[in-house]
Each structure stands twice: as C-alpha cells, then as structure tokens.
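S.K.: First the structure, then my questions, so here it is.
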Amino acid sequence: MGTNAIPPPGTRRTVKGLRIVVAGALGVLGAITFLTAPNSANAAESTLGAAAAQSGRYFGTAISAGKLGEAAYTSIANAEFNMVTAENEMKIDATEPNRGQFNFTNGDRVFNWARQNGKRVRGHTLAWHSQQPGWMQSLSGSTLRQAMIDHINGVMAHYRGNIYAWDVVNEAFDDSNGGRRQSNLQATGNDWIEVAFRTARAADPAAKLCYNDYNIDNWTWAKTQGVYNMVRDFKSRGVPIDCVGLQAHFNSGSPYNSNFRTTISSFAALGVDVQITELDIQGASAQTYAAVTNDCLAVPRCNGITVWGVRDQDSWRSGDTPLLFSGSSKKPAYTSVLNALNAAGPNPTVTPTVTPTVTPTVTPTVTPTVTPTVTPTVVPGACSATLSTVNSWPGGFQTTVTVRAGTSSVNGWTVRWTWPGGQTISSLWNGQQTVSGSSVTVRNAAYNGSVAANGSTTFGFTANGSAATPTATCTSP
C-alpha cells in the first residue's frame, strides 16, 4: 500500500467494466448477524489483540516510525494490537535508497519497538511497481530483474527468522481487466512474480510469503479472479506461496460486499492462508467493521486482521475517518470489532501463537545457518571474521559474514579476503566495500563498528559466481 494506492473518493481510479451499486449509505447491509455476546468458552478480553488471540488469530496495525515519539499514539498501539506492519519503512525506497546500499534505520525502529513490546511483525513490501527509488526506476530487463532479486535477498537476510509474513509482491494486477499491471517489473517477463516468491523462500524459509493487493475483496470482480487464477496456478506448480493479503480499503467507490466471505473462503480453499492486511472503512461503520471481522472469523485459514493506522488522524485517508480510534477515543466500530472477536470460538486449525519467538531485545541481524569453522584469535583488541554461505542458486549465492571481537572490545573493524574464482559482489548490506580485482575490503558501517568483548556483529552480501567461503582477516584500529 502506498499513499497513491487507492485515491480517496472523487480522485480514485475508475474500475472499468464493472458495475458498482451502493444501496444507501456505505455499510448499510441487508442481512448481517451482529455478534455481541462473548463465547462462553472464553472470558471476554478487553483489547483487540488479546480478543483475537483467543481464536489463534492476530489483530494488528500499521506503525509509522515518525510517530513512535508520540506517547498517545504508542499507548494505544501497544495496548491494543499484537501484530505490527511498518507503514512505509520497509518499502523499496526506504530500505535500498542506492543500489547495493541498504538502510534499515527506520525499518529497525518499527521492528525493535514491536519486538520490545512483545508483538510480531509483518514485512511490507519487497517487490512493487511503486515507491521504487530513482536508481531502480531507471533499470529495465535483466538488470532490473537482478536488482529485484538482490533487493529481496538483502532485506530478507537482514530480518531473517524474525518476520511472521512478508508481502513479497504488492499490487501487480490491473485494476479492471483481471490481467497483469503494466510496469517495469512486468516488462522483465511474466515470470517475475514467480521468481520473486522463489527467491523469498530461499532467503527466509520460516516466513509466510504473501501476495498483497487492493480491490480483490469482491469475488465477482475481474481483478479478484485474476489473482485467484494466479494463486491456483502457483499452487498447482509448486511455486512457494503461503498467503494472500486482502487490503480491504472499503469506500464508496469500492464498498464492502457480503461476498467478501466467499472471497476469503475461495482463496483459503486453494491451500493458502488469508490475511486482511490494510483494513480501513470510510465512515467507520460499526456494522461493516463487525461484518468484516466475522467474515474472517468464519474461515479457519483467515489468520488475522490489520487496520491501516492507529487513529483517524494517522490514516492516509484521514478525511474519511476510517479507523477504530478518533484521537484517544474508541469509536462504536471498535466495540463492534471487540465484541465479534470475543464471540469467536477456538479456531480448530490454528494453534494460538502470541508470544514472539525471539526475545524482545533482539536486533534484526542475520544469524548464520552454518557453524563458523574459524576460531577467533583471543588477543586483546583483535577481531576475527568468518564467511558462511546461507543461500545459493545457479550463478549466484548469498553470504553472511560474522565479525567477532576478542577479549577486548573493538571500535571499528575491517575485513579482507580474496575471491578464489572470479566471484563478484552484487549487493552488500551493513558494511562499506572497496574492491580491487579479486581482493575485497569491507569496513564497518556507521552504526555497527563498536563490538563488545567476545561479542559479534554481521554483514552480508549477494554475489555472482559459484558459492565460495574464502578465509578472511579482520583488523581493528
């Protein structure tokens, strides 16, 4: 989702070839059962996250790093939600502003706040036609395809093992005809989405991999059917896709329809999870919010719901007052959602998971999957470096380098090695490289030069050529 993904009513893209009939005010629906009484099997919970967890689901929100200094904002976010999505901080332009130079400063702010407060994190988003940095917009063909692969590897390596689900590909379908959106990524070849998912699976096998889009909520719409057909094809051919994200931005141009439950159940029947990823509803009708929540609760493979923002004033559509909070006040829609969540019985197919698997103080760095074979030299002030291959594919590989201090702390480090067979780095993160022929020198970034005694830090890269782990040296001033 970007600030231009679904323009507000009046400026929104027209969905051609589709008739949209809105009977009366948005949210006035013909036959919706309004659940209000808590299920007797559960004690009624008083927050959205806790109520959702009773049925093994989550209830999350989008967080902006720039608002983490606002006490009123963080108080609501911390109390109510148990899943966090970075609003913009993990998108392409934020994480790789220059090719091969990754910046996770703001993404890590959101991530660390979430984990320090006991919440899981959804990653958003890895491959998208929008919010690309200028350098990516200027690429095309095989060069762009490789840049996409490198970006996915770089970002997922940084957060490897710490993200619940990634929106691997975002908004790749045309608004009206059910086909692919024309974009620079689509121009690299019709298999680009498949390549993105296969790359993502190799980069972090533990994360759920999702396709995410807007206007795929109404089962009768061509765009919905186009995405459905792609997911069905992927599942039939073994392309790794675990979930579909329904953005669910409901407004007068794209209203809630009672067939939303059919959409959720139809995707789930393909063998994928469904996540409502960016929910906001123009006018915040309590009835419509309850209906959306009950639709998710009715389908065992609907994992959870994320609202796109904490309060109306934080919304990208603030004029539509689409969220559950107005300032510090809970709106009637909040109560309707809480009641629906509390009324849900246990989900027979889901084991509740509400506690992060990583301790809250973990910083999102890449954990090597190979035990280092080099023993650090125990000399005061010295450091050692070990290369470990964590992923490989025809013509390329991904490496994590662990830099470890000796018995004294180091303040600044330099790692050097020589490639044995013509390998070249295509992208590098958490360090600054200098290359001279086959010799590579990597110095610490501005934020990871200090390493405590017997402590370690990591950097990583993707490279062209056959996988290799040459012996590296590490020096410290």
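The values are calculated or read from the model by the stated rules, or taken from the named source; none is laboratory data. It should be emphasised that the depicted structure is a prediction, and the values quoted were computed from it without experimental measurement. As a convention, Cβ positions derive from the backbone with ideal geometry for all residues, glycine included, and neighbour counts pool all protein chains shown. These accessible areas exclude ligands, DNA and RNA; they are computed on the full protein's heavy atoms, side chains included. Shrake-Rupley method; radii C 1.70, N 1.55, O 1.52, S 1.80 Å.
S.K.: For region 131-154, how many residues are assigned to a loop (DSSP other than H, G, I, E, B), open to solvent by 40 Å² or more (accessible area, probe 1.4 Å) and either in contact (Cβ under 8 Å) with a residue 12 or more places away in the chain or not polar (S, T, N, Q) (or both)? Steps first, please.
M.R.: Residues of region 131-154 assigned to a loop (DSSP other than H, G, I, E, B): 131-133, 138-140.
Pick out the ones that are also open to solvent by 40 Å² or more (accessible area, probe 1.4 Å) and you get 131, 138, 140.
Those still in the list that are either in contact (Cβ under 8 Å) with a residue 12 or more places away in the chain or not polar (S, T, N, Q) (or both) too: 131, 140.
Selection size over region 131-154: 2.
S.K.: Moving on. Give the number of residues within region 257-297 that are of a type outside the set (S, T, Y) and part of a helix (DSSP H, G or I). It would help to see each step written out before you state the result.
M.R.: Filtering region 257-297 down to residues of a type outside the set (S, T, Y) leaves 257, 259-261, 264, 267-276, 278-284, 286-287, 290-292, 294-297.
Cutting the leftovers down to part of a helix (DSSP H, G or I) gives us 260-261, 264, 267-268, 282-284, 286-287, 290-292, 294-297.
Residues meeting the conditions: 17.
S.K.: Here is a further query. For the subset of region 395-411 comprising residues that are in a loop (DSSP other than H, G, I, E, B) and open to solvent by 10 Å² or more (accessible area, probe 1.4 Å), which member is modelled with the lowest pLDDT?
M.R.: Step one: filter region 395-411 for residues in a loop (DSSP other than H, G, I, E, B), giving 395, 406-409.
Those still in the list that are open to solvent by 10 Å² or more (accessible area, probe 1.4 Å) too: 395, 407-409.
Numbers: G395: 76, T407: 89, S408: 89, S409: 88.
Per the stated criteria, the residue is G395.
S.K.: When region 252-285 is examined, which residues are found to be open to solvent by 30 Å² or more (accessible area, probe 1.4 Å) and not charged (D, E, K, R)?
M.R.: Step one: filter region 252-285 for residues open to solvent by 30 Å² or more (accessible area, probe 1.4 Å), giving 252, 257-258, 261-262, 265, 269-270, 282-283.
Matches in region 252-285: S252, N257, S258, T262, S265, A269, L270, Q282, G283.
S.K.: Does A203 count as touching a residue at least 24 places away in the same chain (Cβ under 8 Å) and buried (at least 23 other Cβ atoms within 10 Å of the Cβ)? Before the answer, list the steps.
M.R.: Values: touching a residue at least 24 places away in the same chain (Cβ under 8 Å): yes; buried (at least 23 other Cβ atoms within 10 Å of the Cβ): yes.
Answer is yes for this residue.
S.K.: Taking the options W128, W113, name whichever one is within 20 Å of A196 (Cα to Cα), aromatic (F, W, Y), touching a residue at least 24 places away in the same chain (Cβ under 8 Å) and open to solvent by less than 50 Å² (accessible area, probe 1.4 Å).
M.R.: Values: W113 fails: within 20 Å of A196 (Cα to Cα).
When all the criteria are applied, what remains is W128.
S.K.: For S46, only one of the following conditions fails: (1) touching a Pro at 6+ places or on another chain (Cβ under 9 Å); (2) among the small types (G, A, S); (3) closer than 16 Å to F325 by Cβ. What is its number?
M.R.: (1)
S.K.: Take the residues in region 338-356 that are of a type in the set (G, A, S) and closer than 25 Å to L323 by Cβ, then tell me which one is modelled with the highest pLDDT. Before the answer, list the steps.
M.R.: Residues of region 338-356 that are of a type in the set (G, A, S), as a first pass: 340, 343-345.
Those still in the list that are closer than 25 Å to L323 by Cβ too: 340, 343-344.
Numbers: A340: 97, A343: 94, A344: 90.
Top of the filtered list is A340.
S.K.: Can you tell me which residue in region 50-64 is nearest to L338 (Cα to Cα), limited to those that are open to solvent by less than 10 Å² (accessible area, probe 1.4 Å) and among the hydrophobic types (A, V, I, L, M, F, W, C)?
M.R.: Filtering first and then ranking leaves A51.
S.K.: So R13 fits all but one of (1) open to solvent by 30 Å² or more (accessible area, probe 1.4 Å); (2) modelled with pLDDT of 50 or more; what number is the exception?
M.R.: (2)
S.K.: Check every one of the helices (runs of 4 or more DSSP H) wholly within region 53-118 and list those with 3 or more residues that are over 30 Å from A147 (Cα atoms). Step through it out loud before you land on a result.
M.R.: Working: elements: 71-80, 92-95, 105-116.
Passing ranges, in order: 71-80.
S.K.: Here is a further query. Applying the selection to region 227-241, what residues are touching a residue at least 40 places away in the same chain (Cβ under 8 Å) and either open to solvent by less than 10 Å² (accessible area, probe 1.4 Å) or at positive phi (or both)?
M.R.: V227, V231, F234, V239, I241
S.K.: Here is a further query. Of the residues that make up region 155-172, is at least one at pLDDT 95 or above, closer than 18 Å to Q101 by Cα, open to solvent by 10 Å² or more (accessible area, probe 1.4 Å) and in a helix (DSSP H, G or I)?
M.R.: No, because not a single residue in region 155-172 is at pLDDT 95 or above, closer than 18 Å to Q101 by Cα, open to solvent by 10 Å² or more (accessible area, probe 1.4 Å) and in a helix (DSSP H, G or I).
S.K.: Are any residues in region 224-249 among the charged types (D, E, K, R) and under 25 Å from G60 (Cα atoms), and if so, which ones? Break it down into steps so the answer makes sense when it comes.
M.R.: Quick first cut of region 224-249, residues among the charged types (D, E, K, R) only: 232-233, 235, 237, 242.
Once the filter is applied, which keeps residues that are among the charged types (D, E, K, R) and under 25 Å from G60 (Cα atoms), region 224-249 yields only D242.
S.K.: I'd like the full set of residues that are farther than 20 Å from N411 by Cβ and open to solvent by 10 Å² or more (accessible area, probe 1.4 Å), limited to region 435-467. Steps first, please.
M.R.: Kept after step one, since they are farther than 20 Å from N411 by Cβ, are these residues of region 435-467: 435-440, 460-467.
Selection gives V435, S436, G437, S438, S439, N464, G465, S466, A467.
S.K.: Here are some conditions: (1) among the small types (G, A, S); (2) open to solvent by 10 Å² or more (accessible area, probe 1.4 Å); (3) assigned to a helix (DSSP H, G or I). S183 meets all but one. Which one does it not meet?
M.R.: Going through (1) among the small types (G, A, S); (2) open to solvent by 10 Å² or more (accessible area, probe 1.4 Å); (3) assigned to a helix (DSSP H, G or I) one by one, S183 breaks only (3).
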